[in-house]
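The values are calculated or read from the model by the stated rules, or taken from the named source; none is laboratory data. It should be emphasised that the depicted structure is a prediction, and the values quoted were computed from it without experimental measurement. For neighbour counting, all protein chains shown are included, and Cβ atoms are generated from backbone atoms with ideal geometry for every residue, glycine included. Heads up: the accessible areas ignore ligands, DNA and RNA and are worked out on the full protein's heavy atoms, side chains in. Shrake-Rupley method; radii C 1.70, N 1.55, O 1.52, S 1.80 Å.
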Amino acid sequence: MKIAVVGGGPGGLYFALLTKKARPDWAIVVFEQNRADDTFGFGVVFSDETLGEFLSRDPQSYDALKGAFAYWDDIIIRYKGDEARCGGNGFAGCSRIALLNILQKRCRALGVELRFQTVVDDPADLGGYDMVVAADGAGSRIRERYKDHFRPDTRMNRNKFAWMGSTRPLDAFTYFFKETAHGVICAHTYQYEAGLGTWVIEMGPQTWGALGFADMDEAVSARALEAIFAEELLGHPLIVNRSLWRNFPRVACERWWHDNIVLLGDAKATAHYSIGSGTKLAMECAIALSDAVTAKAEASLPAAFDAYEAARRMAVEVTQHNADVSMAWFEHMSRSFDMKLHQFAMVVMCRAKSITWDNLLLRDPAFVSAFEDEWYQTWFEQSGFDCRAERPGPMFTPFALRGLTLANRVVVSPMAQYRASEGVPNDWHFAHYAARALGGAGLLFTEMTCPSAEARISLGCAGLWNDAQEAGWKRIVDFVHAESGAAICLQLGHSGAKGSTQLGWEAMDHPIERAADNWPLIAASALAYVEGRNAIPAELTREGMDAIIEEFARAAWRGLRAGFDMLELHCGHGYLLAGFLSPLTNRRTDAYGGSVEGRARFPLEVFAAMRAVWPKEMPMSVRLSACDWAPGGIGEDDVAAIARAFAAAGCDLIDVSAGQTVADQKPVYGRMFQAGFAEAVRNVTGLATMAVGAITEPAQINTLIACRRADLVALGRAHLTDPFFTRRAEAWYGVAQRGWQKPYIPGLLQAHREAARERERLTELQRKAKPKPKREG
Ligand SMILES: Cc1cc2nc3c(=O)[nH]c(=O)nc-3n(C[C@H](O)[C@H](O)[C@H](O)COP(=O)(O)OP(=O)(O)OC[C@H]3O[C@@H](n4cnc5c(N)ncnc54)[C@H](O)[C@@H]3O)c2cc1C
Ligand SMILES: Cc1cc2nc3c(=O)[nH]c(=O)nc-3n(C[C@H](O)[C@H](O)[C@H](O)COP(=O)(O)O)c2cc1C
């Protein structure tokens, strides 16, 4: 085999080294446009935990690298003249050039040919190679030349950054956050060798423009930044080396190989530097590619490339997703700038969502404790709830909405049961809601309950337009109040264009099979949910609007009589009112379409009619889809404007969901995948929010609340499998007895004992699994 590697970065060199080592008979040539000693860039940082795992593939280079590494455990967050320190993280850093020189040396020793100052823009220019590895970095010209095959998706991060260095000594990975007259700047800094540190400096485009960096070259930029960071640099200069202002390119490729060309490292996928994994990713992919090629390439290149992709795609996408979330936080860092020190530090630590409350408890209990001191005190000052002595964790603190006090922040999300007959809640509903009330959540939502028969999604939907339905709900509400500490909120909604469909577990969103059972639909505009499948709804007339407003107000009145504590208007998921809010489903040209004010007008009229019925001291919420996951859908500014308009109309909580507006949506799933929308509404508008969506662990709830992503956290599916989720979480954290139902006390006591043992066991395991910092190298 003859292999050409284009690009002598960490990815290309490590692949060449490992492959030559495994197959000394193969000819491997690395083409690198720079000289061997070009020192572009400063340091690279790896997480200590994974270092051994991937570098030990070649013990000789690992040993050499260990000597070059600087090690540290702490992350420092410097903020408004103060600092918080979080230990137990474990990092190793070295200079990029030291890493490259060690890898080059090993390549040479093994017989890899290194051709420097050789540019390869098209593999077609290279004759006689069986295989070409395009490891030519984020701006890969090879990838771009064959982009029709690789199908790259390249998005530029909004923020501007420059990669600089400094001689300022640093004993930890340090984030310096600096407020200027034009916005916030962050310097991500760490020492990578004696007397030298990396300083990646980033800021939003407005800040960058207003500070005049657009007109400064790198040296002038460095002088200007030295003035801004004068206090932090302690008299040390900023050093430049091709430190041009750039936007980080987020690259992902649909295909990783074409013919005999395979992409490696940043060329195929980049991960934002704020999670410090680009080099590691490139080198881990180099291992997988080398393994696949040495095992299969002689028999079949496509088989080798497929094996490489199968081994790495998932891991790369997960890391990229974490990096995206972290990158997005830095784009909006100013939104957290009103926080106190320890909350801000908590947000910085947990920004990528892979670090949670529980991880931090293990890494550095003192860091969590300092946060708790500050947080309970602040919460006491803001709300009067005093949790300073008990310290139950954010999820177990009370929360008030008008006159209603919730015992904790856990919510059972609204979930249609499709079990009602003629809209009447029956024994199924009783058992379902009763179990979840006994399970300890602070607040239960009913499923979407319909103010008329035509408002239903399916024939199994619950309703509240007649006495029998009211009596059914009252029986449930009375039990919840008598036997549990939970509050219960009635969710009212109208299906609109998504009505008259089969039950959730049949063909969801498809019309009812027996044609005669279907009913005519109405919506903001005459657009079928799925053209050719769902019926075309009639555009709602003014007269129709009046009738619907009346139905919602009457259902609210019945809800009050049934004893509900709270009322929610469902304006999400593409149903009637959501259909008005989204520009994708509202094409009206009258006063109820067009601008965001127009689109929100009818939902607000419905809300106002319900608010007029619902007593002043009782809270109301609105569920919104904060994103349609489709081009041309609702945007963040619209959502903030809508949330503010509902708040002005008397809404106390924005229940932030997403999607289901259009059938061809492309959601980006992942744990807590919608929480960013709740966080945006919370931080931009200051309104109370509820987050929902793939939240499954108590640690995530604590994290979301601690980081002010939301005030309440709703779990849907997790509550379907475990009504006692909250009770289990109490046991896990050893939170003192709270409203236990007497017949269940023996079981709960046992759960607490077992959880304490399990927690101790896991903590011990994790402690043992954590590598000791290798301070001597
Ligand atoms: C500001 C910043 C900070 C970073 N910090 C870290 C960090 O702390 N830790 C970390 O792990 N990662 C970090 N990274 C990411 C890291 O630099 C990359 O992810 C990593 O270097 C990728 O390795 P690679 O081999 O794929 O590509 P690269 O390192 O980019 O190497 C590509 C090589 O190809 C060469 N080349 C390009 N085109 C051609 C051509 N046509 N012909 C010949 N040669 C060519 C280039 O000269 C280069 O040497 C950071 C990135 C940035 C932008
Ligand atoms: C079976 C089922 C029924 C649902 N019905 C409703 C509903 O009636 N009203 C509503 O607003 N959301 C409804 N949802 C959405 C959930 O409230 C929640 O937003 C969603 O499931 C994401 O949260 P999860 O990942 O915790 O399940 C339903 C979800 C499921 C799984």
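Summary of values
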quantity	calculated
Dipole magnitude of the chain, debye to nearest 20 (Cβ charges: Lys/Arg +1, Asp/Glu -1, about Cα centre)	1100 debye
Highest-first arrangement of 322-330, 297-305, 503-511, 154-162, where packing means the average Cβ count within 10 Å	322-330, 154-162, 297-305, 503-511
The range 146-239 shape via C-alpha gyration tensor axes, a/c threshold 1.5	oblate
Prolate/oblate/rounded call for the range 542-616, Cα gyration tensor, a/c under 1.5 rounded	prolate
Relative contact order for the chain, counting Cα pairs under 8 Å that sit 6 or more residues apart, in percent	10 percent
Over 21 Å (Cα to Cα) - which of 474/498; 147/280; 66/268; 20/105; 80/280; 280/666 fall in this group	474/498; 147/280; 66/268; 80/280; 280/666
Antiparallel bridge percentage (DSSP; both residues within the chain; nearest 5)	50 percent
0 to 90° range, to nearest 10: angle between helix 675-685 axis and the chain longest Cα axis	70 degrees
Label point distance in nm, residue 763-residue 25, each placed 7 Å from Cα along Cα→Cβ	5.7 nm
Segments 656-666, 52-62, 90-100 sorted - mean Cβ within 10 Å per residue, highest first	90-100, 656-666, 52-62
Stretchable slack from residue 259 to residue 745, in nm (0.36 nm times residue separation minus alpha-carbon distance)	168.4 nm
Inter-label distance for residue 405 and residue 478, nm, one decimal - labels placed 7 Å from Cα along Cα-to-Cβ	2.7 nm
Within the range 687-777, GluC sites (Glu not before Pro) in DSSP loop having at most 15 other beta-carbon neighbours inside 10 Å	776
Estimated [θ] at 222 nm from DSSP helical runs (n ≥ 4, -39500 (n - 2.57)) normalised by residues in the chain, nearest 500	-12500 deg cm²/dmol
Interchain or long-range residues, amide H under 5 Å from residue 400's placed H	406
Accessible area in square angstrom per residue, the chain, 1.4 angstrom probe	39 Å²
Prolate/oblate/rounded call for the range 680-777, Cα gyration tensor, a/c under 1.5 rounded	oblate
Helix 636-648 vs. the chain, principal-axis angle (Cα, 0 to 90°, nearest 10)	30 degrees
Trypsin sites (Lys or Arg not before Pro) within the range 567-643: DSSP coil, no more than 11 neighbouring Cβ in 10 Å	616
Whole-percent carbon and sulfur share, accessible surface of the chain, 1.4 Å	52 percent
Proximal charge balance of residue 93 [Cβ under 11 Å; K/R count +1, D/E count -1]	-1
Charge sum, other residues only, whose C-beta stays under 12 Å from residue 126's C-beta, Lys/Arg counted +1 and Asp/Glu -1	-2
